[in-house]
Amino acid sequence: MSVTGKPDPRLRDLALLRRVRDRIDRDYAEPLDVQALARGAHVSAGHLSREFRAVYGESPYSYLMTRRIERAMTLLRRGDMSVTEVCFAVGCSSLGTFSTRFSELVGMSPSTYRRRAADQAAGIPSCVVKQVTRPIRNRSTR
């Protein structure tokens, strides 16, 4: 509540953005895009993008792709799926876009990552591997 006793619109907007971020975290493998996220939040895509970037420092699309790449890294480390299978399992519909974004965030192609991860992760607990190999968002690729 604000000083006037009315709901503070900034808090309402933050709650809305948190719900959008939670939806991305939960439904990253679904066919999500900024339009769908905005419809679900009952705001325009432009408004959602501006507010999301102001609060979280990146666009909703960038955040979604980072979630997908993080999950892809886990699946690639397991080694039982092809790069194409991983691409579609994490919700990407284009192998080219997936590979490009993966390379931007991780610094190597998905197939190279899969090969190296198998060697590097031997004997290390998966929870440690996940934390150490988490992609670092490259702010210049937003």
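Bear in mind these aren't lab numbers, they're just calculated from the coordinates by the rules spelled out. Quantities reported herein were computed from a predicted structural model and do not represent experimental measurements. Here the Cβ positions follow ideal geometry from the backbone for every residue, glycine too, while neighbour counts run over all protein chains shown.
Sorted largest first, the spans of the alpha carbon positions of the range 1-84 along the three principal axes are 58, 21, 19 Å. A DSSP coil position with no more than 14 other Cβ atoms inside 10 Å describes none of the GluC sites (Glu not before Pro) in the range 1-105.
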